[in-house]
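These notes are about the structure you will find just below.
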Amino acid sequence: LRQTGLGTNLLGRVLNAACGCGVSRAILEVLVGNTAALGLYRSLGFVECGRRKAYYADTGEDALVLCRDVSEQHGERP
(Lines give C-alpha, C1' and ligand atoms only; values in the text may rest on other atoms or scores of the structure.)
Protein backbone atom coordinates (compact mmCIF):
# COMPACT_ATOMS: atom_id res chain seq x y z
CA LEU A 1 0.00 0.00 0.00
CA ARG A 2 2.95 2.34 -0.59
CA GLN A 3 2.20 5.79 -1.95
CA THR A 4 -1.44 5.64 -0.84
CA GLY A 5 -1.13 7.96 2.16
CA LEU A 6 -1.85 5.17 4.63
CA GLY A 7 1.52 5.47 6.42
CA THR A 8 1.20 9.25 6.62
CA ASN A 9 -2.30 8.95 8.01
CA LEU A 10 -1.42 6.29 10.58
CA LEU A 11 1.72 7.99 11.82
CA GLY A 12 -0.09 11.32 11.90
CA ARG A 13 -2.78 9.82 14.11
CA VAL A 14 -0.18 8.33 16.43
CA LEU A 15 1.58 11.69 16.73
CA ASN A 16 -1.71 13.48 17.41
CA ALA A 17 -2.63 10.93 20.08
CA ALA A 18 0.83 11.20 21.63
CA CYS A 19 0.48 14.97 21.78
CA GLY A 20 -2.89 14.57 23.49
CA CYS A 21 -1.24 12.35 26.10
CA GLY A 22 1.42 14.93 26.89
CA VAL A 23 4.27 13.39 24.89
CA SER A 24 6.65 16.12 23.81
CA ARG A 25 9.12 14.31 21.54
CA ALA A 26 9.01 11.35 19.17
CA ILE A 27 12.15 9.36 18.44
CA LEU A 28 12.50 6.48 15.99
CA GLU A 29 15.20 4.45 14.29
CA VAL A 30 15.28 3.60 10.60
CA LEU A 31 17.66 1.67 8.39
CA VAL A 32 20.01 4.11 6.69
CA GLY A 33 19.10 2.72 3.24
CA ASN A 34 15.33 2.70 3.69
CA THR A 35 14.60 5.66 1.43
CA ALA A 36 10.83 5.11 1.40
CA ALA A 37 10.59 5.23 5.20
CA LEU A 38 12.99 8.18 5.40
CA GLY A 39 10.82 10.09 2.93
CA LEU A 40 7.72 9.41 5.01
CA TYR A 41 9.32 10.40 8.29
CA ARG A 42 10.93 13.53 6.88
CA SER A 43 7.63 14.59 5.29
CA LEU A 44 6.17 14.53 8.81
CA GLY A 45 8.91 16.73 10.22
CA PHE A 46 11.37 14.18 11.57
CA VAL A 47 15.03 15.20 11.42
CA GLU A 48 18.19 13.21 11.99
CA CYS A 49 19.39 13.49 15.58
CA GLY A 50 21.80 10.57 15.74
CA ARG A 51 23.15 7.40 14.21
CA ARG A 52 23.58 3.93 15.64
CA LYS A 53 26.59 2.27 14.02
CA ALA A 54 26.11 -1.35 12.90
CA TYR A 55 22.69 -1.36 14.63
CA TYR A 56 21.19 -4.11 12.48
CA ALA A 57 22.91 -7.36 13.42
CA ASP A 58 21.85 -9.23 10.28
CA THR A 59 23.39 -6.73 7.84
CA GLY A 60 25.68 -4.63 9.99
CA GLU A 61 24.01 -1.49 8.62
CA ASP A 62 23.62 1.71 10.55
CA ALA A 63 20.32 3.05 11.83
CA LEU A 64 19.49 6.72 11.67
CA VAL A 65 17.84 8.12 14.77
CA LEU A 66 15.12 10.60 13.81
CA CYS A 67 13.38 13.02 16.17
CA ARG A 68 10.62 15.57 16.08
CA ASP A 69 8.73 17.77 18.45
CA VAL A 70 5.29 16.16 18.81
CA SER A 71 3.51 19.48 19.35
CA GLU A 72 4.46 20.66 15.84
CA GLN A 73 1.98 20.03 13.06
CA HIS A 74 3.49 18.74 9.79
CA GLY A 75 0.58 17.78 7.61
CA GLU A 76 -0.58 14.75 9.53
CA ARG A 77 -4.22 13.95 9.18
CA PRO A 78 -6.41 13.58 12.27
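The values are calculated or read from the model by the stated rules, or taken from the named source; none is laboratory data. From a predicted model like this one, the values you see are computed outputs, not experimental measurements. Virtual Cβ from ideal backbone geometry, glycine too; neighbours counted across all protein chains shown. Please note that ligands, DNA and RNA were not included when accessible areas were found on the heavy atoms of the full protein model with its side chains. Shrake-Rupley method; radii C 1.70, N 1.55, O 1.52, S 1.80 Å.
Which GluC sites (Glu not before Pro) does the stretch 12-73 hold that lie in a coil by DSSP with at most 15 other beta carbons within 10 Å? Those satisfying the criteria are Glu61, Glu72.
Given a 1.4 Å probe and the protein chains as shown, Cys21 ends up with an accessible area of around 110 Å². Quantify, in whole percent, the carbon and sulfur part of the accessible surface of the chain (1.4 Å probe; protein heavy atoms only). The value for the chain is 54 percent carbon and sulfur by accessible area.
Partnerless cysteines in the chain, where a partner means another cysteine C-beta under 4.7 angstrom, comprise Cys19, Cys21. The residue list Leu31, Ser43, Ala17 was ranked by how far each Cα lies along the charge dipole of the chain toward its positive end, using unit charges on Cβ atoms, and Ala17 comes out on top. Think of a 1.4 Å ball rolled over the protein heavy atoms: the chain then has 63 Å² of accessible area per residue.
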